[in-house]
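Here the structure is laid out as C-alpha cells; the discussion comes afterwards.
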Amino acid sequence: MKLLVNGFETHVATGGKEFEKKLPTVLFLHGSGLDHRSWALQTRWFAYNGFGVLAPDFPGHSLSNGAPCTSIEESGKWLSDFLDAVGVEKAHIVGHSQGFLSALELSKLKPTAVKSLTGVGTAAAIPVNPMLIDTAEHSPTKAADMMLQWGFGHQTQMGVSATPGMQPIAIGRQIMRNNPLATDLQCCADYSAGVGAAQLVTAPSAMILADGDKMTPIKAGLAIAEQLEAKLVVLRDYGHMLPIEAPKQVLVALREFILGVEQYECGEVETLGDESKI
Amino acid sequence: MGRSSYYHPDTIALHSGYVPESDHGARAVPIYQTTSYVFDSVDDASSLFNVEQGGHIYSRISNPTVAVLEQRLAALEGGSGAICTASGMSALFTTFITLCSAGDHIVSSGQIYGSTATLLRHTLKRLGIETTFVSINDQVALEGAIRANTKMVFCESIGNPGLEVANLPQISSIADQHGLPVVVDATFAPPGLCKTIESGANVIVHSATKWIGGHGAAVGGVVIDGGNFDWAASGRFPELTEPYEPFHGIKFWEEFGPNALAMKIRAESMRDIGACMSPNTAFLLLQGIETLNMRMKQHIANTKAMVEWLQSQEQVTWVNHPDLPSNPSNVIARELFPDGAGSMLCFGVIGGRAGGGAFIDSLKLASNLANVGDSRTLVLHPGSTTHSRLTHDAMAAAGISEDLIRVSVGIEGINDIQADFANGLRSAQRAAESQS
C-alpha cells in the first residue's frame, strides 16, 4: 500500500493481504541499501496467519519517495511518524542489520509502540570501513558487490538458493545499486547510541544471528542479546543476509518468538523460551 | 550489468547451484527423480502453495535437480533467476505468453530460427498477438515498428542462419526509450561468449539442447530473467505490476522486484502450460555445462580455422561468419564477441541446390541433421529443412539463399573436419560439372 508520511509517499508491503489494524501488527525493517523485498518470504506467512504486516521501504529507497534519513536517530523518528500515519499504536518490530538500529531508536522514542523487538543479523553498533562508504558514494554498484560478497554466506556464494531457480546475489545487486547505500552506511558508521537505547528496552526481545556473519560479527550480536536478555537463535553456515539466504529458518524463529509473545500476553504460556541453535 | 556470482565462470560452470548434500555427500548433483515432495505439515503445504516460503511442491513447477541447472545458468549469464523448460521453443513460448496477451504486439528481428518465425507469424497471431518483423539493426525500422501495444523487442544475438549479430546496445537504447524489454534468444551465443545482459538484454532464452549440453543427448530450454528491467516504470505490464488474482492478488513486481518475471513464469506458465524439464534432462545438461567453457574454446578455434580454409577452396562461392569483414554486422560482432562470434558458419558451393545436396550427402564425419551446437560437426541445408515453411520473400529476409549450407563446427581434430569437407566439395564440383 501507499502511505503519506511527512508529506512523502511511502511504499509499504503488507504480505500480500490488505493491512488490518485490528490484528496484531508486525513491522519489518530492511537493512542498508535494501528494501521490503528482504522480507518477501516472511511477511506473507504473517499476513496469512492472523497478523497485520507492515514492511515499508525507508524514505528514498526503492518504491518510497522522499530524501533518505541521514542518521539512525532520524530514521527512528521517521518510524514513529510512520506508525502514527498508519494508525498503529503497538507492533512487533523486526529489524535486519541497520533496520534493527532504527528499531532501537524507535524503542527509545516511543517505548509503548514496541510489543516485541527482534534483531536479525545485527548488533548494537555497525561500524563501517570509511573506504566502503567512499566507494558507495562514487560507485554504488562496486560497493554493493563488496557488501554482497561479504554479506552472503558460503551457500549463496555457491549459487544455492532457498527459492528454486533464483540468484539472491543478482537480486540484491539490482536493489542495492539504485538505493542510497552511502547514506545508509554513513548512518551506521555514525551511530553509537545503540547500547544506551537497548538499556531502555522493556519489551521482550529476540536475536537471530548467523555464525558466518562477516558484516556484523556474531560476537557483537551476542553482546546485545545478552544485554537485552533476548531469546537467542544462532543459524549455522549462513551470513549477514539472513532474511534472504535462510528465509525459512528466520521465519521459523520469528514466528516461534512472536507467537510466543502473543500467547504470553494472553496468559497462555508462562515463559518466552530460551536460546536455540539451528 | 548482470552479476550473480563472484566466482570465475569456469568455477560457476562446475559448482554453482549445488553444494554436496548433507545426507550422503554426493559430489555430483543427484537426480531427484520424483514427481512430488512430502510436506512437513498442512501448514507447511499451505505456506508453500501461497509463496510464503521457497521449496518444491510438484516437479512440473520445480524440481531440485532442475533448480541446480537453473541457478547455474542464471549465474553464468548474470541473471536474477532462471526457469528451465522442456525445450528452447517452450522457453520462447513461455516468455511470449507471460509478457503478452491477446491484442498485444511484438517487434521481432526478421533473421530468426524458422520455427520461432512460425510461432510468431502464425501460432501467436491465432492467439491475437501480432508481430512486426524488421531488420533488427535498422534503427529507423525498429523504432517505426513500435506501437502503443508493443510488449517487447525480440531478436537472436546471432541470427539463424543468416549470422547477423544483433546490435544489442543500440536495440536496448531504442527499446528503453519506449519502456520495452529486450528479449534475446542467445542460443548461438552460449554463456561466456557474449555478456548478453550487460550488452542490453533484459531476458535471455537459450535452447539448452545446443552448446550448453553439447552432447546432443537431451532437449531443453531456459528463460533467464536479467533482473534489470523496471516493469513498473515501463507502464506496459499490468501482468507484473497489478494484482494477480490466481495468487490472492499478488503483485509480482512489488513483492519480488528483480526476479518478478521469473517468479511469474514459475507461478503461471509452469503451472498452466507445464512445459517442464525432467530431472534426468537437467542432469544431462549439467554434465555438459561442466565443460562448456573448455568446449567453446575449441569450437571457436576450429571455426576460425574452417572459415579461413573454406575461403581458400575454389568450389566455395562465399563464406559467412560474423567475424568476417564481409558480414554486415562484423563491427558489432567484434565488440560483443571479442573471442569470436560463435561456431556457426554458412557457405555456398558451386552447383547451387544440387551442388549443396551432393556436398552434404558425401560427408562421412559431419552429420546432416536438424540440430546445432553438438560437440560433433553438423551440417544442414536450411532451404529444404528448418526454413522450408517460409515463403521465398521471408527466406530472403531471413538471409537464406538456396545454396546456403549451415555448419555447426564441432570440436573434432581440425584436419579431419577439413578432409571430410574436401571430399564433399569434390562431390559438389562433380555435381556442378554434370549440370553444365
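Structure notes:
- Scan segment B:325-354 for residues that are part of a loop (DSSP other than H, G, I, E, B) and within 13 Å of B:Leu193 (Cβ to Cβ) and the total you get is 7.
- Hey, B:Phe237 on the phi < 0 side of the Ramachandran plot and modelled with pLDDT under 90 or not: no
- Test: residue in segment B:385-395 that is part of a helix (DSSP H, G or I), surrounded by 14 or more Cβ atoms within 10 Å (Cβ to Cβ) and touching a residue at least 12 places away in the same chain (Cβ under 8 Å): yes
- Filter pass, B:Ala141 being closer than 20 Å to B:Gly200 by Cα, more than 14 Å from every other protein chain (Cβ to nearest Cβ) and either of a type in the set (Gly, Ala, Ser) or not in a helix (DSSP H, G or I) (or both): yes
- Taking segment B:167-248 as the region of interest, the strands (runs of 3 or more DSSP E) fully inside it that hold 1 or more residues being without any contact (Cβ under 8 Å) to a residue 60 or more places away in the chain and either over 14 Å from the mean Cα position of the chain (by Cα) or in the same structural domain as B:Leu261 (by TED's automatic domain parsing) (or both) are B:182-185.
- Qualifying residues in segment A:48-66 (those that are of a type in the set (Gly, Ala, Ser) and in contact with a strand residue (DSSP E or B) (Cβ under 8 Å, 6 or more places away or on another chain)) - the one farthest from A:Ala125 (Cα to Cα): A:Gly52
- Taken over segment B:139-165, the criterion of being out of contact with any His (no Cβ under 7 Å at 6 or more places or on another chain) and more than 30 Å from B:Glu239 (Cα to Cα) is satisfied by B:Asn160, B:Pro161, B:Gly162, B:Glu164, B:Val165.
- Scan of segment A:1-37 for residues that are under 16 Å from A:Ser102 (Cα atoms) and of a type in the set (Ser, Thr, Tyr), ordered by number: A:Ser32
- Whichever residue in segment B:234-258 is more than 9 Å from every other protein chain (Cβ to nearest Cβ) and of a type in the set (Gly, Ala, Ser) and, among such residues, is least open to solvent (accessible area, probe 1.4 Å): B:Ser234
- Which numbered condition B:Pro64 misses (of (1) in contact with a His (Cβ under 8 Å, 6 or more places away or on another chain); (2) without any contact (Cβ under 8 Å) to a residue 12 or more places away in the chain): (2)
- Filtered by the rule that a residue be open to solvent by less than 30 Å² (accessible area, probe 1.4 Å) and part of a helix (DSSP H, G or I), segment B:144-166 gives a lone residue, B:Ala145.
- Some residue of segment B:309-324 being assigned to a helix (DSSP H, G or I), touching a helix residue (DSSP H, G or I) at 6+ places or on another chain (Cβ under 8 Å) and in contact (Cβ under 8 Å) with a residue 12 or more places away in the chain: yes
- Meets criteria (within 21 Å of B:Thr241 (Cα to Cα) and touching a helix residue (DSSP H, G or I) at 6+ places or on another chain (Cβ under 8 Å)) for A:Phe19: yes
- Every residue from segment B:264-276 that is open to solvent by 10 Å² or more (accessible area, probe 1.4 Å) and either part of a loop (DSSP other than H, G, I, E, B) or of a type in the set (A, V, I, L, M, F, W, C) (or both): B:Ala267, B:Ile273, B:Gly274, B:Ala275, B:Cys276
- Within the set B:Thr65, B:Thr34, B:Thr131, the sole residue that is surrounded by 15 or more Cβ atoms within 10 Å (Cβ to Cβ), out of contact with any Phe, Trp or Tyr (no Cβ under 6 Å at 6 or more places or on another chain) and at pLDDT 95 or above turns out to be B:Thr131.
- Some residue of segment A:72-92 being touching a helix residue (DSSP H, G or I) at 6+ places or on another chain (Cβ under 8 Å), open to solvent by 10 Å² or more (accessible area, probe 1.4 Å), within 14 Å of chain B (Cβ to nearest Cβ) and of a type in the set (Asp, Glu): no
- Highlighted here are the helices (runs of 4 or more DSSP H) found entirely within segment A:107-207 that include at least 2 residues which are within 11 Å of chain B (Cβ to nearest Cβ): A:140-151, A:154-157, A:168-177.
- From the options B:Leu261, B:Leu286, B:Leu292, residue that is in contact with a Leu (Cβ under 6 Å, 6 or more places away or on another chain) and either polar (S, T, N, Q) or open to solvent by less than 30 Å² (accessible area, probe 1.4 Å) (or both): B:Leu286
- Residues (in contact with a Phe, Trp or Tyr (Cβ under 7 Å, 6 or more places away or on another chain) and open to solvent by less than 10 Å² (accessible area, probe 1.4 Å)) located in segment A:170-222: A:Ala206, A:Ala210
The values are calculated or read from the model by the stated rules, or taken from the named source; none is laboratory data. Please read these numbers as outputs of a predicted model, since none were measured by experiment. In this analysis, Cβ positions are derived from the backbone assuming ideal geometry, glycine residues included, and neighbour counts consider all displayed protein chains. Areas reflect the complete protein model, heavy atoms only, side chains present, ligands, DNA and RNA absent. Shrake-Rupley method; radii C 1.70, N 1.55, O 1.52, S 1.80 Å.
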